[in-house]
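The values are calculated or read from the model by the stated rules, or taken from the named source; none is laboratory data. Small disclaimer: the values here were computed from a predicted structure and weren't measured. Note: ideal-geometry Cβ built from the backbone for every residue, glycine included; neighbour counts use all protein chains shown.
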Amino acid sequence: METAALPLGLPRPERGDAARNRRHLLDVARQMVAESGVEHLTMDGLAERAGLGKGTVFRRFRTRAGIFHALLDEDEKAFQQSVLSGPPPLGPGADPVTRLIAFGRARIDFLFAHAAIARASLDANQSVPVGTATISQFHVRMLLGRADIGVPDLDTLAVQLTAALEAPILLYLHTPAGADTNRIRHLADGWQTLIERTCAALR
């Protein structure tokens, strides 16, 4: 397992009953999204369907956007684990440039698959979070360092490359009717071309 690949951190431990309620609420929320779509999930509806009080849902998530943020966070952690310990080329075992290409392709697929949840996780009362790119940026920076491409300022290059992947751009490109498979393929192919040409030019 590649323990230094991503800064996962250690979550604060939950009480047993709080952890069970959280797990139950997220499972029910996923069921409701699968059945009716993101737009029909409400805090009141989730409380009723889960058989819990509205106060419990409010304390856990604070806002409707908080429900989707928690769902997205769970899937983000699963994605991170596939990068940390999954099979190559996404996981450890392939050369750094090949892993960069695989990471970008997988990240684009992930973000398009989660576009509706990602949109719903944005709180209209808050600015668009820029921190969503942090983990991808860290991983891209690590792989650039291992690729030994001869660039003194890899931090800036990692920021620029990560900007081609993360949610604000992909949410903007996502069509209201659903993800366009050709658009996904073109973005993935574009990422591969960007990485291949950048690394070849700088070596």
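Numbers at a glance
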item	result
Search result, residues across region 41-53 that are more than 16 Å from residue 121 (Cβ to Cβ) and either modelled with pLDDT under 95 or not basic (Lys, Arg) (or both)	44, 45, 47, 48, 50, 51, 52, 53
Which numbered condition residue 45 fails, given (1) in contact with a Ser or Thr (Cβ under 6 Å, 6 or more places away or on another chain); (2) part of a helix (DSSP H, G or I)	(1)
Test for residue 110: is it part of a helix (DSSP H, G or I), within 22 Å of the chain's Cα centre (by Cα) and closer than 30 Å to residue 199 by Cα	yes
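For every residue, the table says whether it meets (1) modelled with pLDDT under 90; (2) assigned to a loop (DSSP other than H, G, I, E, B); (3) within 27 Å of residue 108 (Cβ to Cβ).
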| residue | (1), (2), (3) |
| --- | --- |
| 10 | yes, yes, no |
| 14 | yes, yes, no |
| 25 | no, no, no |
| 28 | no, no, no |
| 55 | no, no, no |
| 58 | no, no, no |
| 70 | no, no, yes |
| 76 | no, no, yes |
| 87 | no, yes, yes |
